[in-house]
1. Run down 87, 60 and say which single residue is among the small types (Gly, Ala, Ser) and touching a residue at least 12 places away in the same chain (Cβ under 8 Å).
2. Identify all residues within region 22-44 that are modelled with pLDDT under 95 and either among the β-branched types (Val, Ile, Thr) or within 12 Å of the chain's Cα centre (by Cα) (or both); write none if there are none.
3. Go through (1) out of contact with any strand residue (DSSP E or B) (no Cβ under 6 Å at 6 or more places or on another chain); (2) closer than 19 Å to residue 9 by Cβ for residue 89 and report which single condition fails.
4. Identify the residue in region 61-87 that is out of contact with any helix residue (DSSP H, G or I) (no Cβ under 8 Å at 6 or more places or on another chain) and within 14 Å of residue 17 (Cβ to Cβ) and, among all such residues, is surrounded by the fewest Cβ atoms within 10 Å (Cβ to Cβ).
5. Just checking, which of 24, 58, 34 is touching a helix residue (DSSP H, G or I) at 6+ places or on another chain (Cβ under 8 Å), surrounded by 15 or more Cβ atoms within 10 Å (Cβ to Cβ) and among the hydrophobic types (A, V, I, L, M, F, W, C)?
Amino acid sequence: MVGDVARMPILSTFFGITVRMYFAELGPPHVHVAYQGWEALVAIMDGRILQGGLPRRAQALVRQWCLDHPLELEQNWMEAQALRSLARIPGADND
């Protein structure tokens with residue numbers, strides 16, 4: 001995939017979608033998303049897929065989740081760059 005998911009903390013899970021973030025990763029701020037064998041890197045600012053792919057419905061859910069949690073995602077990105085613990089973010093089905 002787009003990274004070593006076993007070493008990435010889980011930020012959120014919802015509707016079978018798992019969202020992770022890796023520590024000290026380069027590139028634009030993003031999350032790693034997995035859903036039923038699909039994997040993608042997703043920009044945290046707008047939910048756009050940077051690499052990989054997701055089914056259309058999962059992509060829409062992840063995009064909206066990113067748009068609903070910009071401050072939490074940005075804070076986690078800064079914490080990850082500083083190698084500090086990340087906070088869980090409620091999933092789309094937990095809001």
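1. On the way: 60 fails: touching a residue at least 12 places away in the same chain (Cβ under 8 Å).
Going through 87, 60 in turn, the sole match is 87.
2. Across region 22-44, the qualifying residue is only 22.
3. If we test residue 89 against (1) out of contact with any strand residue (DSSP E or B) (no Cβ under 6 Å at 6 or more places or on another chain); (2) closer than 19 Å to residue 9 by Cβ, just (1) comes out false.
4. Going through the qualifying residues, I end up with 64.
5. 34 is the lone residue from the list that is touching a helix residue (DSSP H, G or I) at 6+ places or on another chain (Cβ under 8 Å), surrounded by 15 or more Cβ atoms within 10 Å (Cβ to Cβ) and among the hydrophobic types (A, V, I, L, M, F, W, C).
The values are calculated or read from the model by the stated rules, or taken from the named source; none is laboratory data. Quick caveat: nothing in here was measured; it's all calculated off a predicted structure. Note that we place each Cβ from the backbone using ideal geometry, even for glycine, and neighbour counts take in every protein chain shown.
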